[in-house]
Structure formats: structure tokens, C-alpha cells
């Protein structure tokens with residue numbers, strides 16, 4: 001009798017053990033660092049929301065996106081890993097090691113300082129990463145950090161192309177940089193950019209810097225532009241920099257609809273939707289290149305995200321367009337893993353496999369109209385898009401001024 | 001020093017470690033540092049390496065601020081000087097790391113001398129402003145020298161090499177940093193026991209009285225700036241060689257504030273305080289990073305991250321109010337309590 005009981009216990013244990021092995025949930029980790037405190041906090045919070053919703057969507061539906069036929073493996077659960085790096089490289093290093101030890105197969109760099117610090121380490125570990133930082137420095141080898149909107153210099157080239165198209169005067173238009181005084185803002189100051197502007201028929205006036213988050217109005221810088229008869233000012237700023245700058249422009253009577261006619265064009269990470277929301281009529285005339293469509297756009301990707309938000313966050317709709325950025329990053333990360341899973345089983349999957357058989361194999365990835373064009377990556381091609389969307393604020397509304405080819409200004 | 005321990009010779013009196021138990025504790029600590037890479041994960045090794053670099057930097061700030069009383073808000077700027085000098089010498093001129101490191105330290109020390117010059121005329125709030133300006137001037141110069149420093153794009157920095165041994169793994173870099181951190185601590189301890197060290201303390205406590213006693217304020221204040229920035233230069237160089245990349249964004253102004261915070265938490269004017277402060281705030285940093293996503297379950301992610309950030313500020317404020325002499329004093333009080341137990345208990349009651 002006793003023997004039978006022990007036998008029964010052993011069989012039960014065996015069944016339980018084998019069952020737990022058979023039905024053990026396979027988990028794949030995506031994510032990386034977010035800068036939830038500091039100048040990129042607003043952007044990063046929206047990115048995180050995008051990531052969270054996409055992970056929920058994939059786990060629930062096992063679909064990659066409503067407009068895509070490919071399915072996510074039904075036996076694999078996606079989990080999001082994130083930490084706040086405060087945009088500090090030192091902190092980002094230990095976070096990277098922590099998440100790597102947890103088995104993350106892809107990574108996310110929050111901004112330029114973090115991307116610069118992690119760049120070589122990511123290459124060393126053959127870890128593919130997405131980033132909302134798109135400085136020219138990412139183009140130089142090793143190039144394992146992938147961007148999903150144009151690099152800053154290509155944004156500005158698109159603004160210049162659009163402005164030149166509408167230029168009616170016989171004289172050359174005068175252009176100047178009005179840009180943030182950090183590595184992001186200054187990364188446009190490369191000889192290739194100036195040469196591009198000059199070849200496009202511009203007269204280059206010079207450069208003025210504005211603090212990343214100004215603590216006083218940039219009056220001197222703007223007056224310099226006025227005195228130097230600048231027609232087009234271009235630069236890279238985040239919204240907390242662009243908003244006070246444009247306010248001061250209006251006060252000084254500068255702008256496309258003001259006494260002194262001057263257009264101010266910036267590249268993403270200045271986002272036109274939160275800009276228009278916050279500035280209203282005061283922000284009329286700002287041009288943003290490389291950004292996402294507004295929330296009322298008819299693109300399938302935008303409609304889908306609106307629906308997702310209604311479902312997952314009915315009381316807290318995230319209007320900041322970097323939600324779309326988070327969504328795109330999560331989609332790219334998971335697509336890279338999905339592609340890599342076609343050649344290597346999850347148990348054996350390493351970051352190097354995801355880089356070689358995942359990120360590098362992403363060709364014409366349909367993003368449902370969220371990005372300027374479908375995404376294509378490869379060795380030496382880290383800039384995912386080939387077209388740059390140009391938008392302008394007009395009477396508090398966002399007006400699309402067309403899409404322009406990505407000029408790949410930076411030749412590294 | 002333990003009870004019943006009497007120094008009978010000058011050599012014994014001058015020794016840093018007096019008793020066998022102190023030597024034993026040192027050897028055990030060094031042995032622990034030595035075997036750490038065998039047992040700990042890459043993440044812990046990264047944290048320990050960053051703590052080591054922070055300790056070197058805080059030692060410099062401690063000599064300048066804690067001992068000499070010259071508050072510097074430009075410490076990270078001087079780290080940037082060391083970082084870029086080492087980066088340029090190794091990456092552009094192909095110098096070996098071991099030659100570049102002393103040059104980086106010297107360059108940062110020289111920069112400290114230049115920006116320390118006003119310290120004879122100004123003090124307190126005005127000196128804070130002058131050193132704060134130093135940070136921004138240094139960063140501005142680095143950004144302008146694009147052809148040499150890479151400007152905003154930064155520059156790639158090679159891994160250090162000793163002969164044919166490339167220090168490219170985390171464990172090797174950990175050993176490198178720990179050796180330099182121990183050496184820096186040993187030198188800092190000895191600096192404070194020299195004539196200069198005593199002069200620094202005299203200047204900090206009352207510079208007028210110090211001058212009357214024959215201490216040359218100009219020379220000693222500049223010495224403090226030179227030594228403090230020398231340490232910063234070494235820390236900066238180690239930092240960029242660890243990253244493998246040098247960029248001005250790796251030297252944000254706020255880090256100078258945190259280094260001062262480390263001194264406050266650890267205990268100003270104490271070598272052990274500098275070490276304890278660096279360890280405590282770096283570990284707190286890691287704790288709040290982990291707590292962010294945990295707290296995000298209850299509040300919005302951004303609020304959770306901000307709460308964590310505030311926690312560090314609260315810790316510094318609490319120390320300023322309740323224990324301005326820092327962790328080192330707290331540790332001393334605990335030791336005294338244990339040593340006098342059970343009488344300490346009665347006294348407390």
C-alpha cells in the first residue's frame with residue numbers, strides 16, 4: 001500500500017514536472033532605457049506608453065499589426081523591460097548590463113548621450129538597438145543603432161528643399177542654423193550640410209545656439225538672424241526649446257506671417273502635434289520635418305493606434321506623437337526578433353542572431369503610414385526611412401507640405 | 001585605534017594601519033576586491049567600476065572642498081579636460097594609455113590652476129559661480145575644437161593596453177580602476193597628513209587666521225585646485241576609456257552637484273567619507289533605477305521615475321539636517337557605541 005502511495009506521488013510529480021516544462025511560457029524581452037526625467041522626459045513617457053501598448057497588443061492578438069499577414073509565434077510571450085536612465089551615460093551602462101543579463105535580445109537607446117556611450121558596447125555584443133536619437137554620429141561605423149525617422153541633417157535638407165520650391169525672389173535665400181547647444185543640436189554642423197545648402201542655392205549666414213531648454217528668451221540670437229537678413233532658420237530642438245523660441249520670434253515680429261518674413265524649420269525630435277496643441281495660433285508657421293502624421297490622419301497605422309489607445313487607456317489618451325515613436329520602435333524590435341526566429345529557435349537565439357538575421361533583414365517593413373516610408377535596414381543602412389515628411393502649423397492646424405526624398409547628406 | 005594600543009616609535013605613530021585587526025580588515029577587503037569578478041555579474045562589475053571612478057573623482061573634490069574649503073561646481077568640467085586629453089593622445093597621436101593618463105591628470109590640474117586663480121580674491125557664493133563658469137567654458141572650448149575633439153560628434157577612444165594585454169573586458173577594467181582607486185585613496189590619505197594637508201584644513205577653518213600663522217593662501221589654494229583637478233582628470237580619463245567614446249554629454253553639469261552630494265552624504269573632510277559617500281549615492285542610484293518600473297505599477301511611469309530622482313535629493317537634505325558630518329560620523333558613532341557596550345547603552349538611556 002505504502003509502495004503504491006509513493007509510486008502515485010512519483011507519477012504525479014513526474015506529470016507535474018513534465019507539464020510545467022511542456023507548458024512553460026516562453027518569454028522574449030524587448031525594451032531598453034527611457035529618459036523619463038530630464039529634457040526628453042515628455043518624449044520618453046510617450047515612447048514608453050507606445051511600447052507598453054504594442055506589447056499588450058501582440059500578447060493579446062499574436063498579430064504584428066492589423067495590416068500585416070505575419071503572425072507572432074503563439075507560444076512566445078513578449079515582456080517589456082525598461083529603466084529610467086535620466087539621459088546619463090554612466091547610468092545607462094549599468095542598466096544595459098542588467099537588461100542584457102536578464103536576456104534582452106534587442107535594445108533601446110534613449111537619446112544621443114546614451115547612444116554615444118553605448119554605441120561601441122552594442123557593437124561588441126552584436127546587439128541591435130533602436131533609438132529616437134538620429135545624430136550623424138550614428139552613421140559612422142559600427143552602426144548597430146537603428147533610427148526610424150530621418151537623421152537630423154536629412155530633416156533639414158527636406159526643409160531646405162521645401163522652402164526653395166516656394167522661393168519666388170531672384171536673389172539667393174539666406175539660411176542660418178538656429179539650433180540647440182548640445183550634441184544633438186550641433187550634430188548638424190557638418191561640412192556636408194553646409195555644402196548641401198549652398199548647392200541647393202542658399203547663401204549661408206551662420207549659426208546661432210539656443211539652450212536645449214532655454215531659461216530666458218533667445219532674443220539676442222533672434223535679433224542676429226534679423227540683422228543678418230536670414231530668410232530661413234533651420235535647426236534641431238526639442239519642444240521645450242522650440243516653443244519659447246517661436247514665442248520670442250512672434251514678440252520680435254519674426255515669422256512667415258509677421259512683419260519680418262522668416263521661416264523657422266526644425267527636424268524631429270521637435271514634434272508638431274504637441275507644439276500646435278501647446279502654442280495655438282502663436283505657433284503659426286513652424287515647419288517640422290521627419291515627424292509623424294497628426295492623430296486625425298487617415299493612415300491605417302494612425303487609426304489603429306487611436307483604437308488601441310481607446311481600448312488600453314480610455315481615460316488617458318497620449319497625444320504626444322512620440323507614442324507613435326514608441327510603437328514604431330517596439331514594432332521594429334519585435335520584427336527583428338520574429339525574423340531571427342525563422343532561422344534560430346528562441347532557446348538558442350542570441351543578440352547577434354537578431355542583428356544579422358533580424359534587423360539587417362528588415363526590408364520595406366510596412367508601418368501603416370506612421371513613418372515617412374516603410375523601414376529598410378541593413379549593414380551600413382541604419383536610417384530606416386527613405387522619405388521625409390514636412391509639416392507646417394497653420395491657424396493651429398497641421399498642414400502637410402509634402403514628402404521629400406531623404407538626401408543622405410552625411411557621407412561618413 | 002583600539003583600547004590599550006600605545007605607539008612607542010614615530011614610525012608606529014605615523015602608520016596608517018596600527019593594529020593586526022586593521023591590517024587583517026585591509027587584506028580581507030583587498031582580497032574581496034580581487035575575487036569579486038569571479039562571483040559577480042557583469043552588471044555588478046559595471047556598477048563597481050563606476051563606483052571606483054566616482055571615488056577617484058570625489059577624492060579630488062574632497063581635497064579641494066572638504067579639506068581646503070574651496071567649493072567647486074566645475075569638477076565635472078575638469079574631468080572632461082582629463083578625458084579629452086587622454087582620448088586625443090591615445091586615439092589621435094597613438095600614445096600608450098600609461099603615458100596619456102598622467103598627461104590627462106596634469107592637463108586637468110593645469111586647468112584647475114587657471115580657474116583656481118580667482119580663489120584668492122573670491123570665496124563662497126562667488127567662487128561657486130566662478131567654478132560653475134569653468135565648467136561651461138571648458139565644455140564650450142571642447143565643442144569649438146571640432147577638428148581635434150570631434151566637437152558635438154565626440155570621438156572614439158581606444159581601450160587601454162599594457163604591453164600586449166588589452167584591457168577590453170569588464171573584469172580587466174574593473175581591476176585597472178580598483179588599483180587606481182586604491183592608489184588614489186592611499187595618496188589622498190597621505191596628502192592630508194602633509195604640511196600642505198594641514199594648511200588646507202587651516203585655510204578651510206579660517207583663512208585669515210591661517211594667513212597670520214604664515215600659510216601662503218595663494219600657493220596652498222592653488223595647490224588644492226591642482227590636486228583636486230588632477231584627481232578629476234584621472235577619473236575623466238578612466239571614464240571615457242571605459243565608454244570607448246568621448247562626448248561632452250558624458251560630462252553634464254549636474255554630475256558636479258551629485259559629486260558634492262556624495263561628499264555631504266559621506267562626510268566632508270574625511271577620506272573614508274568620500275569613499276562612503278560615493279558608494280552610498282551610487283548604490284542609491286541603482287536602487288532608484290530598479291524602483292522606477294516597480295513604482296510605475298502604482299503611479300505613472302514618469303512620476304515614478306521622478307519620485308526615484310527625488311529620493312536622492314531627500315537623502316541629501318536628510319543628511320544635511322540630521323547628520324551633516326555624514327556617514328563617516330555615523331559609522332564612528334556606531335563603532336563607539338559597540339566599543340563601550342554595555343556602558344554606552346546606559347549612557348544612551
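Throughout, read-outs are computed from the coordinates displayed, never taken from laboratory work. Since the structure is predicted, the reported quantities are computational estimates derived from the model, not experimental observations. Reconstructed Cβ throughout: ideal geometry from the backbone, glycine too, with neighbour counts over all protein chains shown.
Things to note:
- Sorted ascending by nearby beta carbons within 10 Å, beginning with the fewest, B:86, B:306 become B:306, B:86.
- In segment A:36-170, the ratio of gyration radius to Kirkwood radius, Rg to Rh, stands at 1.06 when only Cα atoms are counted.
- Paired Rg and Dmax values of the protein assembly as shown, which use every Cα atom, in angstrom: 28.8, 105
- Spatial separation of Cα centroids for segment B:187-255 and segment A:200-232, in angstrom: 40
- Residue mean of other protein chain beta carbons inside 10 Å, A:106-119: 4
- For chain B, the ratio of Cα radius of gyration to the globular rule of thumb 2.2 N^0.38 Å stands at 1.04.
- On Cα atoms only, tilt of A:41-61 relative to the major axis of chain A in degrees: 40
- For segment A:177-299, a/c is less than 1.5, where a ≥ b ≥ c are the root eigenvalues of the C-alpha gyration tensor. That puts it in the rounded class.
- Highest mean first, the peptides A:50-59, B:259-268, A:398-407, A:143-152 sorted by other C-beta atoms within 10 Å per residue fall in the order A:143-152, B:259-268, A:50-59, A:398-407.
- Within 10 Å of each Cβ in A:241-250, the average number of Cβ atoms from other chains: 0
- Sorted on the mean count of surrounding Cβ atoms within 10 Å across their residues, most packed first, peptides A:261-272, A:76-87 read A:261-272, A:76-87.
- Taken over segment A:332-398, the ratio of Cα radius of gyration to 2.2 N^0.38 Å equals 1.45.
- Note on residue B:144 and residue A:171: the model spin-label points, each 7 Å out from Cα along the C-beta direction, lie 3.1 nm apart.
- Overall Cα dimensions of chain A, principal axis frame, Å, largest first: 102, 43, 38
- Nearest-0.05 FRET efficiency for residue A:315 and residue A:68, computed from C-beta distance (R0 35 Å): 0.75
- Calculated FRET value between residue B:99 and residue B:29, using beta carbons and R₀ = 22 Å, to 0.05: 0.10
- Using a Förster distance of 22 Å, the FRET efficiency for residue B:340-residue B:14 (Cβ separation, nearest 0.05): 0.20
- Degrees separating the helix A:89-101 axis from the principal Cα axis of chain A, which is the longest one: 30
- Pairwise centroid distance, computed over Cα atoms, of segment B:79-148 with segment A:236-271, Å: 35
- In this simple spin-label approximation, residue B:120 and residue B:290 carry label points 7 Å from Cα along the Cα→Cβ vector, and these lie 5.1 nm apart.
- Helix-only CD estimate at 222 nm, as mean residue ellipticity for the protein assembly as shown, using -39500 (n - 2.57) per DSSP H run (n ≥ 4): -17500 deg cm²/dmol
- Dimensionless Rg ratio for segment B:192-349, taking C-alpha atoms and the 2.2 N^0.38 Å reference: 1.33
- Estimated distance in nm for a label pair at residue B:299 and residue A:227, the labels positioned 7 Å out from Cα along Cα-to-Cβ: 4.7
- Three-way shape call for segment B:114-158 based on the alpha-carbon gyration tensor, with the a/c threshold at 1.5: prolate
- Peptide A:177-185, shielding by other chains (average Cβ, 10 Å cutoff): 3
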